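Structure first, then comments.
Readers should treat all values here as calculations from the given coordinates under stated rules, not as data from a laboratory. Just so we're clear, the structure is a prediction, and the values are computed from it rather than from any experiment.
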Amino acid sequence: MPKTLTLKLLKKSGKMAVNLTKNLSWKKTGERWLHGVVLGLLEASVGNMRSEYPVEESGRVTKPKCIDLRHGGNNPDVIELVVRVHGGELYGSQNRSELLKLCKIPYEKARHRMLLLLDPSGRPPIPKNILRKSYLNLGGGRGRFPREQVTIVYIHPKAEYAFRWKP
């Protein structure tokens, strides 16, 4: 019986991935390497994971964009991954394109949309109220189409929290 991807399980996998980076060089703490680690941890926990899942935008005849991770099954979930390396990568202004990609995926294709922010940078954790404020003023883009809410999950070795972004 396939397992469901829960917020608690995603936080646990993110925490494990960030903790793995403590003893590694800075070259191994980038998004590309952590993408594989998170994919492996989630595949071992819930199974039925896909990497670089293509999503198409309605009404556009362009190359489809890809979502970092997708958990399939009866209740599919999609996850975009962002890693803090230099300092400002986790704030809303830097992740607008990821949010727009996630919020445009209809409910039929994904029940939950999550933006996973991993912070193995060695810097102090970003307070929840500051990070949340950076996402408050971002809109869901132009056009007449439904937009879904996105759960933003922040993971740091000393802190973890989640909040919802509504376009």
* Structure fact -> For residue 161, the residues 5 or more places away or on another chain with a placed amide H closer than 5 Å to its own amide H are 154
* Given the Cα atoms of region 7-165, and with Rh set as the inverse mean 1/r over their pairs in the Kirkwood sense, what is Rg to Rh to two decimals? -> 0.95
* Asked: Under the Karplus relation 6.51 cos²θ - 1.76 cosθ + 1.60, θ = phi - 60°, what is the ordered set of whole-Hz ³J(HN,Hα) values for region 15-22, x standing for Gly and Pro?
  -> 5, 4, 5, 5, 5, 5, 7, 4
* So what is the relative contact order of the chain, in percent, for Cα pairs below 8 Å that sit 6 or more residues apart? -> 21 percent
* Asked: Along region 84-100, what does the Karplus equation 6.51 cos²θ - 1.76 cosθ + 1.60 (θ = phi - 60°) give for ³J(HN,Hα), rounded to whole Hz, x for Gly and Pro?
  -> 7, 10, 9, x, x, 5, 8, 6, x, 4, 7, 10, 4, 5, 5, 5, 5
* Structure fact -> Counting sequence-distant residues (5 or more places) and residues on other chains, those with an amide H built under 5 Å from that of residue 67 are 53, 55
* With respect to the cross-link table entries 101/166; 65/109; 104/133; 11/158; 15/128; 133/166, which display a Cα-Cα separation exceeding 20 Å? -> 104/133
* Using helices alone, what [θ] at 222 nm do you get for the chain, with -39,500 (n - 2.57) per DSSP H run of 4 or more residues, divided over all residues and rounded to the nearest 500? -> -8500 deg cm²/dmol
* Structure fact -> Which of 144, 123, 111 fluctuates most in a GNM of the chain (C-alpha springs under 10 Å)? That residue is 144
* Asked: Of 120, 106, 146, which has the largest mean-square fluctuation in a 10 Å C-alpha GNM of the chain?
  -> 146
